[in-house]
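The values are calculated or read from the model by the stated rules, or taken from the named source; none is laboratory data. Computed from a predicted structure; not experimentally measured. Virtual Cβ from ideal backbone geometry, glycine too; neighbours counted across all protein chains shown. All accessible areas refer to the heavy atoms of the entire protein, side chains included, with ligands and DNA or RNA removed. Shrake-Rupley method; radii C 1.70, N 1.55, O 1.52, S 1.80 Å.
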Amino acid sequence: MSIESPEFLTATRTSYDAIAPAFSERFTAAGLDDRPLDRMPIAAFAELVRATGSAPVADLGSGPGHVTALLHSLGLPVFGVDISPRMVELARRAYPDLRFHVGSMTSLDLPDGTLGGIAALYSIIHVPDEHLSAMFAEFHRVLVPGGYVLLAFQSGDKDGHLHLTERFGQEISLDYYWRTPESVADRLTEAGLQPHARVLREPYEEEKLPRAFLLVRKPT
């Protein structure tokens, strides 16, 4: 294990490479068509980012690319970044007019002050607590002044953790972390990002935990 590639990144990459076809088939088919409460904060994020100028937006943990495509449809100059080469391959195939590349949200290959916005929907859920602050500092670094971050993650009454060894019939080694909006907001504030809005919705159908959306901004 190296500083640049900690064990959790390797495990996340390997696990999503294994489940990429099944995961992509499940989440690309319907996208967010049946999730109006999820589309609402995404639409607000897009409108706010458009008002800041023409700097590009990064969809971090873009997976099969359906959120990247939605952000593009909302008028944002967006590209996707995912740690799984297989996921990136499938996203490029599904959305050939959009740009996707392999990378880690914990160490972005971007100059300072490059992005007008960052969307990270259900991707910080695999990042251990001890790496959150450094990752949010990285978000702050690459944002233009006034740029926005939209996070989505599973939530609950307290922080928790689950390790899975199987999904979609494939062997994996993947850690999932759910967190209260307050605990994530505290880390974001420590990184210099200002809280802007918070949405918490109850679980849909097969979901077991509430979903939290946090919108924060880099000060101008």
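Taking the chain as a Gaussian network, Cα atoms linked when under 10 Å apart, which of 181, 56, 111 shows the biggest mean-square fluctuation?
111
Mind checking which of 37, 71, 56 is farthest towards the positive end of the stretch 30-71's charge dipole, using Cβ charges of +1 (Lys, Arg) and -1 (Asp, Glu) about the Cα centre?
About the Cα centre, the residue reaching furthest to the positive side is 56.
So for the chain, taking the charge dipole from beta-carbon charges (+1 Lys/Arg, -1 Asp/Glu), which of 10, 150, 46 sits furthest toward the positive end?
Checking the options against the dipole of the chain, the answer is 46.
Can you classify the chain as rounded, prolate or oblate using the Cα gyration tensor, where a ≥ b ≥ c are the square roots of its eigenvalues, rounded means a/c under 1.5, and otherwise it's prolate if a/b beats b/c and oblate if not?
Rounded, because the longest to shortest axis ratio a/c is under 1.5.
Could you size up the charge dipole of the chain around its Cα centre, putting +1 on the beta carbon of Lys and Arg and -1 on that of Asp and Glu, and report it in debye to the nearest 20?
Charge dipole of the chain: 600 debye, to the nearest 20.
Using helices alone, I'd like the mean residue ellipticity at 222 nm for the chain: each DSSP H run of four-plus residues gives -39500 (n - 2.57), total over residue count, nearest 500.
The per-residue figure over the chain is -12000 deg cm²/dmol.
Between rounded, prolate and oblate, where does the stretch 21-132 land on the alpha carbon gyration tensor, with a ≥ b ≥ c its root eigenvalues, rounded for a/c under 1.5, else prolate if a/b exceeds b/c?
rounded
Any chance you could check the Cα centroid distance between the stretch 77-103 and the stretch 134-184 for me, in angstrom?
The distance from the Cα centre of the stretch 77-103 to that of the stretch 134-184 comes to 20 Å.
First check a/c for the stretch 93-148, with a ≥ b ≥ c the square roots of the eigenvalues of its C-alpha gyration tensor; if it is under 1.5, answer rounded, and if not, answer prolate when a/b is larger than b/c or oblate otherwise.
oblate
Name the helices (complete DSSP H segments) of the chain with a Cα length along the long axis of 20 Å or more and a Kyte-Doolittle mean of at least 0.0, or state none.
Membrane-span-like by this criterion, though nothing is claimed about a membrane: 7-30, 36-52.
Kindly state, as a whole number, the per residue volume in cubic angstrom of the convex hull around the alpha carbon atoms of the stretch 90-220.
It comes to 137 Å³ per residue, whole-number rounded.
Using a 1.4 Å probe and ignoring any ligands, DNA or RNA, find the accessible area of residue 34 and quote it in Å² to the nearest 10.
80
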